[in-house]
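Take a look at the structure below.
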Amino acid sequence: MVGIKKNKPKLPAPKIKQKKALNKWKEEKSSKLGGAKKTGKAGKASDEKAIKKSDRKPIVFVSPKADTAANSVDGADEMEVTLPKQPVLEPVPTDIPDPQLDKRKIKLLEPLIGYIYNGDQLSLKQSFEQAGLLLTPDYDEQTRVFRFLVNTKEMCRAEGEKNEAHSKAREKLVQIVRYYCYTVKRVKEYHTRRKIFYTRPSKAPAQEPLSQKKISEENVGFQLMQKQGWNPGSSLGVSTEGILEPIAVQKRKGKRGLGTEDAVQPDKATPAEEKVKIPLEAFYLMLKQYAGVNALYDIVFSSQFSKHQVAKLKNFATSLRLFPQMIGNNKKKLVVSRPLTIKQIKEGVMKGHSDLCAKYVVIPPGAGIPEKDRVLA
């Protein structure tokens, strides 16, 4: 059965809404009459707001002139002038020839930022992919022409055999990128503030005082010496001119004679002095903390970690959306860093971020720094 709908009685409007409606009606009436004074609290509040808004003036930072600086005695009434911050950039390269592209092609390459790694190698694939541009190589065997197309538009070409024409066309495309676009160059493989070790030295054991090393009075030898006239703390011998402490035994290395240099073998570390291994869970916690903060330096794990431990740390770092990689020639180290785009690196370096400036440099286009980037707000 369908329920019967009952018309609910409408409740009267609250007193606050009634007052607001009345004040609104009075304001409209007074505006129509012209020149009538506004009544009620709402009218007074709106008048005060209007007066305050009219008094406010936009703040304009003007550089001081020579006349005003000379005439001013007290600088308290003058506004502080903040100079715009200049971007952190390398000098403009002058050894790149002008490719003389069309304006449409130049505009197409505006979002592109080149990425240089391992010296002077420019990664074209990574640069064009992150800029959202489709880079397509094309070789015609009949005409023996190799072309690079960007979004189906030809950027450069070269003639000859396939490999030779490819290298020539690539050089031309690199010149185009470096002339019209910014370039981010990696100068260091990693920059770290935290180098992580698998083991740590334990605390040195506290040396026992000599009073605790002495033979107790219950010892048989101690009692025999007392019967022969020896007093505790005195030297040995009839005239009490002997030694107080026993001769220390030192292990010698090799078959060198007495008095030779470096003949004493260093003592082996006792079990208490051995290095303490840190559990792997502690490094998981450290990676979580690194992923949760806005840190742009890299974390470098020493070569003490085994392959099995490195594989676990890499998987855990990947699950936290970090970028792990193995760096090094002979002894490779695990380096975990935050994944950044080329655009983010460029903006961070231009704003002077210390961790990014230690690892990267930004090279301006050969055509010159664009006007929008000459001054950072």
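Label reach from residue 294 (point 7 Å along Cα→C-beta): in segment 336-377, amide nitrogens under 17 Å belong to 338-341, 344-357, 377. Structure note, pairs 103/153; 195/332; 107/359; 185/346; 288/346: Cα-Cα distances above 19 angstrom occur for 107/359; 288/346. If R0 is taken as 56 Å, the Cβ-Cβ distance between residue 162 and residue 195 corresponds to a FRET efficiency of 0.75. Per residue, the convex hull around the alpha carbon atoms of segment 290-357 comes to 97 Å³. Each residue of segment 155-165 is assigned a 3J(HN,Hα), and the resulting list reads 9, 7, 8, 8, 10, x, 5, 4, 5, 5, 5 Hz, derived from the Karplus form 6.51 cos²θ - 1.76 cosθ + 1.60 (θ = phi - 60°), x at Gly and Pro.
Please give the net charge around residue 366, taking every other residue with its beta carbon less than 13 angstrom from that of residue 366, where Lys and Arg add +1 and Asp and Glu add -1. It would help to have the intermediate numbers written out before the result.
Values: positive: 178; negative: 90, 95, 98.
So the environment of residue 366 carries a net charge of -2.
Net charge of the neighbourhood of residue 323, taken over other residues with C-beta under 14 Å away and scored Lys/Arg +1, Asp/Glu -1, is +3. Estimated from the Cβ-Cβ distance and a Förster radius of 30 angstrom, the FRET efficiency linking residue 129 and residue 285 is about 0.30.
With r defined as the distance between the Cβ atoms of residue 88 and residue 218 and R0 fixed at 56 Å, what FRET efficiency is calculated, to the nearest 0.05? Can you show the working numbers first?
On the way: r = 77 Å, r/R0 = 1.38.
Computed FRET efficiency for residue 88 and residue 218 comes out at 0.15.
The modelled label-to-label distance for the pair residue 367/residue 188, using points 7 Å beyond Cα in the direction of Cβ, is 3.4 nm.
Students often check this: by mean Cβ neighbours within 10 Å, which of 218-229, 119-130 ranks highest, and how do the rest follow?
Working: 218-229: 9.7, 119-130: 14.4.
Ranking, from highest mean packing down: 119-130, 218-229.
Multiply the residue gap between residue 104 and residue 139 by 0.36 nm, knock off their C-alpha separation, and tell me the result in nm, one decimal place.
Details: separation 35, 0.36 × 35 = 12.60 nm, distance 2.36 nm.
Taking 0.36 nm per residue and subtracting the Cα distance, the gain is 10.2 nm.
Taking a sphere under 10 Å around the Cβ of residue 115 and counting the other residues whose Cβ falls inside, with K and R at +1 and D and E at -1, yields a net charge of +4.
Every number in this text was worked out from the coordinates using simple rules, so none of it is lab data. Predicted model only: the values in this text are computed from it and were never measured. Reconstructed Cβ throughout: ideal geometry from the backbone, glycine too, with neighbour counts over all protein chains shown.
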